[in-house]
Amino acid sequence: MKTDKIVFYLFIVLALISFGQIIYFYNILPASIASRFNRDGMPTLWFAKKVFILIHAGLVLLTSGFFLFVGLFLERIPAKFLNIPNKDHWMAPDRKQQTFNDFLKFLYLYANMTLVFFFMTFQHIYKVNLNGFKDPEGDTFYLTLLFVSASGILAVAFFRRFMNFNQ
């Protein structure tokens with residue numbers, strides 16, 4: 001894999017940290033986990049601890065697995081299935097490898113953002129469940145807003161990268 005190694009290694013570290021979060025909180029969480037809250041900060045949706053932990057682990061595993069799978073097989077995907085601006089220019093033989101490297105860098109940046117979003121969201125949910133089931137700040141709304149905004153910024157950066165012929 002010829003992408004920015006720091007971004008890829010950060011992806012691996014974030015996935016491991018996410019699984020560490022699951023292991024850490026499993027034994028200290030209550031039997032029922034509140035996972036959704038109304039405007040007043042009171043819980044409105046509950047899960048059994050084992051079910052909630054499985055949801056958390058499943059999200060991390062599926063997300064990490066998906067990004068890893070796409071990253072490993074990206075170069076084998078036919079160019080016609082890649083949606084990048086000026087595809088003919090960027091997939092020319094002399095630019096193709098750099099194009100894949102740049103594509104992978106953006107892919108793993110997005111994967112890292114997603115894993116951080118999951119980590120922070122679940123951390124907040126666990127904290128609320130350990131501190132009396134009240135969510136006065138509504139942090140998950142702001143985390144979601146931040147994630148969506150960062151995703152938009154990354155998408156603009158991706159398309160700007162491939163709109164410019166001078167790179």
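Computed values, structure above
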item: Net charge, Y26 excluded, C-beta distance under 11 Å - Lys, Arg +1, Asp, Glu -1; result: +2
item: Exposure proxy ranking, count of Cβ atoms within 10 Å, fewest first, for F122, F117; result: F117, F122
item: Packing-based exposure ordering (other Cβ within 10 Å, fewest first) of R95, R161; result: R95, R161
item: Total lysine pairs whose alpha carbons fall under 24 Å of each other in region 55-167 (8 or more apart, or interchain); result: 5
item: Residue (of Q123, T140, F73) at the positive-pole extreme of region 5-163, dipole from beta-carbon charges; result: F73
item: Length added when fully stretched, M120-N27, from 0.36 nm per residue minus Cα-Cα; result: 31.6 nm
item: Cβ charges +1 (Lys, Arg) and -1 (Asp, Glu), total dipole of the chain, debye; result: 280
item: Reduced Cα scattering model of the chain, Debye log10 I(q)/I(0), q = 0.10, 0.11 Å⁻¹; result: -0.48, -0.56
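Throughout, read-outs are computed from the coordinates displayed, never taken from laboratory work. The structure presented is a predicted model; accordingly, all values stated were derived computationally and were not measured. FYI the Cβ positions are ideal-geometry reconstructions off the backbone, even for glycines, and counts take in every protein chain you see.
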